[in-house]
Amino acid sequence: MRLFALTCLVMIAFAANSILGRWVIGSEYMDATGFGLLRLASGAAALWLMCAVQGQRPAEDRWRSIAGGAALTLYMVGFSVAYAALDAGLGALILFGVVQVSMFGWGIARRQPVAGLQIIGAVIALAGLAYVVWPGGDVRAPLWAVVCMGAGGLGWGIYSLLGRGASSPLAASAVNFLLATGMILPALWFLGGGTVVTAFGCLLAVISGAVTSGMGYALWYRVLPQIPGPVAATVQLSVPVIAILAGAVILGEPIGARLTLGALVVLGGIAVVILCAPRKSRAR
């Protein structure tokens, strides 16, 4: 139950990140790449402060740290650039679809136990998400934006896979965020970010970085070694649904039958993946 509660808390933190990002970028309080830089920098500062308070020294394996920082940068830049030309719902579907494929694919390549019903459950959950977020009318998706969002999903998939081997979740997250803060600077310069900055946008970026990203990602690294790979991949499909539900509550928008039915399908698919996990994976 404790692991379940922590995993739910992580998903809520991820959903809060989505809401904060849409709020800041959609309302033009800050541009996407500038928001990403401040989010990473504030997350790094908060995590290093926590390491200092707890007496932890961020000393992960050098190559694992570089890979983690690069994967986090790829995720941040990929989805930030893609959302400029993609519908938010379609973008979320591409992002989490690639995360699913990358994490399931890696598990199969490593010959980790994956039950056939788990794959079916993941497909059901992804179909439920598609039903919820698929945009109405004509769908225009430039190839470059789809590729960028796919790259962002691949980055997050790699980042999550690396977290399964982190010896110290807090220290690993601190190093990853610090390295990613430096790695995103060339992208910021190339894409011309940092041109739109407001005080309110900076405040929300700091909250997103220090709390929902920094704390949320560190907690994600803590629970990842305790849950099977297929479960870790599939449970993330709940994030867009949680974000939509939270947005409806905050903005007072009605929750229609489409959202209700789709959310139930997503949760049902996730339940199948969890309940059908091989015993060895579940015990781990």
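Computed from the coordinates by the stated procedures, all read-outs in this text should not be read as laboratory data. Just so you know, these numbers come straight off a predicted model, no measurement behind them. Positions of Cβ are backbone-derived with ideal geometry, glycine not excepted, and every protein chain shown enters the neighbour counts.
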Checklist entry - How high is the FRET efficiency from Leu117 to Trp189, r the C-beta distance, R0 41 Å, rounded to 0.05? => result 0.30
Next on the checklist: At 0.36 nm per residue, and after removing the present C-alpha to C-alpha distance, how many nm does the segment from Arg2 to Arg64 gain when stretched out fully?
Outcome noted: 19.5 nm
Next on the checklist: Just to verify a number: FRET efficiency for Phe200 and Ala141, C-beta to C-beta distance, R0 = 30 Å, to 0.05?
Outcome noted: 0.45
Checklist entry - With Cβ to Cβ distances under 15 Å as the rule, what net charge do the other residues near Ala16 carry (K, R +1; D, E -1)? => result +2
Checklist outcome for this item: Filtering the chain for DSSP H helices with an axial alpha carbon extent of at least 15 Å and a Kyte-Doolittle mean of at least -0.5 returns 2-26, 32-54, 62-82, 88-109, 116-133, 143-163, 169-191, 238-251, 257-275
Next on the checklist: What distance in nm lies between label points placed 7 Å from Cα along the C-beta direction at Arg164 and Ala85?
Outcome noted: 3.4
